[in-house]
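**Student:** Here it is, the structure in full.
The values are calculated or read from the model by the stated rules, or taken from the named source; none is laboratory data. Since this is a predicted model, take the numbers as computed values, not measurements. For neighbour counting, all protein chains shown are included, and Cβ atoms are generated from backbone atoms with ideal geometry for every residue, glycine included.
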Amino acid sequence: MTIIDADGAILGRLSSHVAKRLLNGEEITVINADKILLTGSVEENYKQYYSAYNRGKSLAGPEYPRLPDRILRRTVRGMLPIKTARGKDALNRLKAYIGSPKELASEVPEKIALARSGRRYVKLVEISKLLGAKVNE
């Protein structure tokens, strides 16, 4: 099992890296999913996620998440061949957590795809709170 610390990582880069490793058969646990960064301004990102979240009916779907760990899983899911058995098995090998769970405190996590300075970033937890998620930082 591989543990990845997502603090300071960009969502798309992290997701593509995780998806590729999941398809290779690894079990991956992502911690600190609330500290993932999105490029762009708060307004741009909120409009994009709100339009996706508001799409469809509450009973019929499609269902878009509000919590940061579930947004990460949904993003990785979009990069997997989810309609095949291989893609479903790969997604089942992914675990994502808000913060760092106590049972994983002794493990040393990997750092992947850190953000560069000089760009505008928004934390995923800020977008989640604007969408109405109740997240403790």
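**Student:** Would you mind telling me which numbered condition in (1) more than 25 Å from Leu131 (Cα to Cα); (2) of a type outside the set (Gly, Ala, Ser); (3) loosely packed, with under 15 Cβ neighbours inside 10 Å Glu63 fails?
**Tutor:** The number of the failed condition is (1).
**Student:** So which of Ala85, Ala105, Ala96 ends up being within 30 Å of Gly25 (Cβ to Cβ) and either in contact (Cβ under 8 Å) with a residue 12 or more places away in the chain or in contact with an Asp or Glu (Cβ under 8 Å, 6 or more places away or on another chain) (or both)?
**Tutor:** The unique qualifying residue is Ala96.
**Student:** Could you please give the count of residues in region 115-131 that are among the small types (Gly, Ala, Ser) and at pLDDT 85 or above?
**Tutor:** 1
**Student:** I'd like the full set of residues that are of a type in the set (Lys, Arg) and in a strand (DSSP E or B), limited to region 71-122.
**Tutor:** Listed by number, the residues that qualify are Lys95, Lys111.
One line per residue, one yes/no per condition, for (1) farther than 16 Å from Leu11 by Cβ; (2) modelled with pLDDT of 85 or more; (3) in contact with a Phe, Trp or Tyr (Cβ under 9 Å, 6 or more places away or on another chain):
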| position | (1), (2), (3) |
| --- | --- |
| Thr29 | yes, yes, yes |
| Leu67 | no, yes, no |
| Thr75 | no, yes, no |
| Ile82 | yes, yes, no |
| Ala96 | no, yes, no |
| Ala105 | yes, no, no |
| Ala113 | no, no, no |
